[in-house]
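Notes follow the structure.
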Amino acid sequence: MSAADLLKRLPQALNADAAAGLDCTIQFACTEPAHAQIRDGRCVMSTGTNTNPDVTITMDDDDLVALLKGELNGMSAFMQGKLQIDGDLQLAQRLPALFDADKL
């Protein structure tokens, strides 16, 4: 599965309980950039680049797929230089809780 295909599936994998009270935009900088708007326990994906994201996740497509599927540890990826984070680091750390890897 490509990173773009996986990102399109994020809304159905959103953990509404973990997203409760959140109002944020997560930019995914990969081959086909996309961003997730999370608000009111819902997630809406859009293609392209958001002008003012709360956090930007920059990764190669294969590593992004592995991260979202729970096959790659975010901290390990960050320490190995496979993951760059710009913006709200705490929000980036919440990604595994926000999306259910089993639903992707």
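Summary table
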{"quantity": "Among Ala77, Leu104, Ser2 the positive-end extreme of the charge dipole of the chain (Cβ point charges)", "calculated": "Leu104"}
{"quantity": "Relative contact order (percent, whole number), the chain, Cα cutoff 8 Å, 6+ residue spacing", "calculated": "30 percent"}
{"quantity": "Part-to-part distance (alpha-carbon centres) for the stretch 18-41 and the stretch 49-102, which is given in Å", "calculated": "11 Å"}
{"quantity": "Farthest positive-ward along the stretch 15-104 dipole, Cα basis, beta-carbon charges - from Met45, Ala18, Ile57", "calculated": "Ala18"}
{"quantity": "Carbon + sulfur, % of accessible area of the chain - ligands and nucleic acids excluded, 1.4 Å", "calculated": "45 percent"}
{"quantity": "Within straight-line cross-link reach of Lys8, aspartates and glutamates at Cα separation under 18 Å, skipping those fewer than 8 residues along the same chain", "calculated": "Glu32, Asp60, Asp61, Asp62, Asp63, Asp100, Asp102"}
{"quantity": "Within the stretch 26-104: Cβ-based charge dipole about Cα centre, in debye rounded to nearest 20 (Lys, Arg +1; Asp, Glu -1)", "calculated": "220 debye"}
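The values are calculated or read from the model by the stated rules, or taken from the named source; none is laboratory data. Note that the coordinates shown come from a computational prediction; the quantities given were computed from them, not determined experimentally. In this analysis, Cβ positions are derived from the backbone assuming ideal geometry, glycine residues included, and neighbour counts consider all displayed protein chains. Note: accessible area is taken over every heavy atom of the protein model, side chains too, but ligands, DNA and RNA are not part of it. Shrake-Rupley method; radii C 1.70, N 1.55, O 1.52, S 1.80 Å.
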